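Beneath this line is the structure, given in structure tokens, with notes to follow.
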Amino acid sequence: LDAGCGTGNLAIELSNRGYEVDAFDVSAPMIHFAKYINTGRTRGIPPTFMVGDIAALAGEKKTYDLVCCLDVLFHYPYEEVEKMLGQLAHLSSHKLAAAFALRTPFNDFWMKVGQRFHAKNRMTKLYMFSYDQVEQILYRAGYKIARTKRIKFFFYDSFVFEAIRR
């Protein structure tokens with residue numbers, strides 16, 4: 001499952017590696033675009049692209065070997081991220097991979113600068129979390145972090161993790 005698939009690049013890559021993929025995004029125009037640009041790009045079963053959001057998955061019975069949620073959690077406050085990761089963990093039979101904006105003193109400083117000078121131009125708000133906050137959310141959902149990778153260049157500072165069931 002690619003939750004918050006955007007343009008569908010991850011879904012296509014997973015499909016090309018032989019996985020059957022469901023992919024969704026909250027933005028109908030983004031799903032339309034993903035379907036359009038990915039027509040004919042898969043060597044396997046094409047991903048199923050659909051409009052939806054993580055909150056709507058609460059009662060879903062289907063499970064996935066891998067649930068991915070990349071560059072989505074940045075846009076939600078802690079309470080919502082806790083619910084979202086819990087719902088995504090419920091859908092995963094084994095692995096959960098996601099990314100979050102890492103809270104550091106440097107990132108806090110640049111966030112304040114950005115809010116002061118670019119508040120009127122911002123389309124969305126960015127929320128940052130500490131590693132410990134995310135680790136605790138996952139622990140409560142029955143997962144532990146198995147692998148991590150920090151991706152940092154210029155102002156982009158993301159922490160990607162793979163979590164597995166405990």
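General remarks:
- Those residues of segment 61-98 which are assigned to a loop (DSSP other than H, G, I, E, B) and either of a type in the set (A, V, I, L, M, F, W, C) or in contact with a Pro (Cβ under 9 Å, 6 or more places away or on another chain) (or both), in sequence order: Leu70, Val72
- Looking only at segment 1-55, residues that are assigned to a helix (DSSP H, G or I), farther than 21 Å from His90 by Cβ and of a type in the set (A, V, I, L, M) come to 6 in all.
For every residue, the table says whether it meets (1) open to solvent by 40 Å² or more (accessible area, probe 1.4 Å); (2) modelled with pLDDT of 65 or more; (3) assigned to a loop (DSSP other than H, G, I, E, B); (4) among the hydrophobic types (A, V, I, L, M, F, W, C).
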position: Phe100; (1), (2), (3), (4): no, yes, no, yes
position: Phe109; (1), (2), (3), (4): yes, no, no, yes
position: Gly114; (1), (2), (3), (4): no, no, no, no
position: Arg122; (1), (2), (3), (4): yes, no, yes, no
position: Leu126; (1), (2), (3), (4): yes, yes, yes, yes
position: Lys149; (1), (2), (3), (4): yes, yes, no, no
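- Among the residues making up segment 32-74, none is within 22 Å of Phe161 (Cα to Cα), open to solvent by 60 Å² or more (accessible area, probe 1.4 Å) and among the aromatic types (Phe, Trp, Tyr).
The values are calculated or read from the model by the stated rules, or taken from the named source; none is laboratory data. Predicted, not measured: the structure shown is a model, and the values here were computed from it. Note that each Cβ is placed from the backbone with ideal geometry, even for glycine, and that neighbours are counted across all protein chains shown. Side chains are part of the model used for accessible areas, which takes the heavy atoms of the whole protein and leaves out ligands, DNA and RNA. Shrake-Rupley method; radii C 1.70, N 1.55, O 1.52, S 1.80 Å.
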